[in-house]
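Just below is one structure, and these are the notes that go with it.
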Amino acid sequence: MKEALFYEKLDNNKVKCELCPHECFIKEDSTGICKQRKNVDGTLYTLNYGKISSYGNDPIEKKPLFHFRQNTNVFSIGSTGCNFSCKFCQNYSISLEDTQTIQLSPNDIINIALKYNSPGIAFTYNEPTVWYEYMYDIAVKAKEKGLYTVMVTNGFINKEPLLDLLKVIDAFNIDLKSFNNRYYKKMCGGCIDPVLESIQTAAEKCHVEITTLIVENENDKLNELEELFRWVSKVDKKIPIHLSRYFPMYKLKNPPTKKATLTKAAEIAKEYLDYVYLGNVF
Ligand code: SF4
């Protein structure tokens, strides 16, 4: 276990984690919402430091990032845990349930990436925010070796940790799951404002692309999607957006999103944004 960054010690051996906007108050022998940060004797520890649940040498376009280091393979790693609880989670076995892991040091990861001849490392599969200390340590070493770094995230992170990360992460794909706070609460157990702030902050400093999973009967209202596109265009109309088709997964049994909805949404998005892509459709 490694001591966590970004927390405050409180009276009676309690702590307040300040890594993400949940800002969990955690009593002794308990973990926060993400289940990856534990209070032991009044000190907050990260439980998943160095724990790898999944890895692969993926095309960068699979992240998806279409406008960053095209046609390269990126060594991609994931761990366990998430600070959201999306009912349609595509990776619920590693994000929301216990899973098997192997232990590797930051140097191990760098050496494997170099062995694969990967020009970069991506933190992905589960939510990398709840893996912050390990991701940061690897990213610092990756920059020393001239490797690029990518984070695929829900954007639900506090500003101070994000600003530190921006010094060592080159590109982000950030989910903007909806433009409706009720949706964020009901479907994901989060809220939208910190995500919008993360997108704005990251877009000022590095390459950002956005993914929106359009879920049948949930966030597929075209007027609401139009608001989302308008907002992104005000940040930067050159931010690429990936509109992804939902299929039933985990706890959500709604039917797959109609292709016609995706196509109409893309037409509207193109009125506001320069780069619009459909995912999971063809
Ligand atoms: S990172 Fe985990 S423990 Fe910390 S505030 Fe977020 S959910 Fe809570």
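No lab work stands behind these numbers, since they all come straight from the coordinates. None of these values were measured; they are calculated from a predicted model. All Cβ positions, even for glycine, are placed from backbone atoms using ideal geometry, and neighbour counts span all protein chains on display.
What the table shows:
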quantity	calculated
Lys/Arg +1, Asp/Glu -1 at C-beta; segment 51-279 dipole; positive extreme among Thr212, Met135, Ile109	Thr212
Rounded if a/c under 1.5, otherwise prolate or oblate - segment 2-46, Cα gyration tensor axes	rounded
Stretch gain in nm, segment Gln100-Asn181, where the contour uses 0.36 nm per residue and the Cα spacing is subtracted	25.8 nm
Among beta bridges that DSSP assigns inside the chain, antiparallel share in %, nearest 5	45
Label point 7 Å beyond Cα of Lys253 along Cβ direction - residues of segment 76-104 with amide nitrogen under 18 Å	87-89
Point-charge dipole on Cβ atoms (K/R +1, D/E -1) for segment 223-282, about Cα centre, debye to 20	280
Tail fraction, Cα-Cα pairs, the chain, threshold 33 Å, whole percent	19
Packing-based exposure ordering (other Cβ within 10 Å, fewest first) of Asp175, Asp11	Asp11, Asp175
By average C-beta atoms within 10 angstrom, highest first, the peptides 182-194, 128-140	128-140, 182-194
Dipole magnitude (debye, nearest 20) for segment 51-279, charges at Cβ of Lys, Arg, Asp, Glu	400
Net charge dipole size for segment 56-107 [Lys, Arg +1 and Asp, Glu -1 on Cβ; Debye, nearest 20]	180
Relative contact order of the chain, pairs being alpha-carbon contacts under 8 Å that are 6 or more residues apart, as %	14
Computed label-point distance, nm, for sites Lys167 and Glu197 using a 7 Å Cα→Cβ extension	2.1
Least to most buried among Tyr7, Tyr250 (fewest other Cβ within 10 Å first)	Tyr250, Tyr7
Positive-end residue of Leu196, Leu5, Ser244, charge dipole of the chain with Cβ unit charges	Ser244
Spin-label pair Lys234/Glu271, simplified geometry with 7 Å Cα→Cβ offset, distance in nm	1.7
Shape call, segment 134-259: gyration tensor on alpha carbons, a/c limit 1.5	prolate
Distance from segment 74-123 to segment 208-226 (C-alpha centre basis), Å	26
Cβ-based exposure ranking for Val74, Val232, in which fewest neighbours within 10 Å come first	Val232, Val74
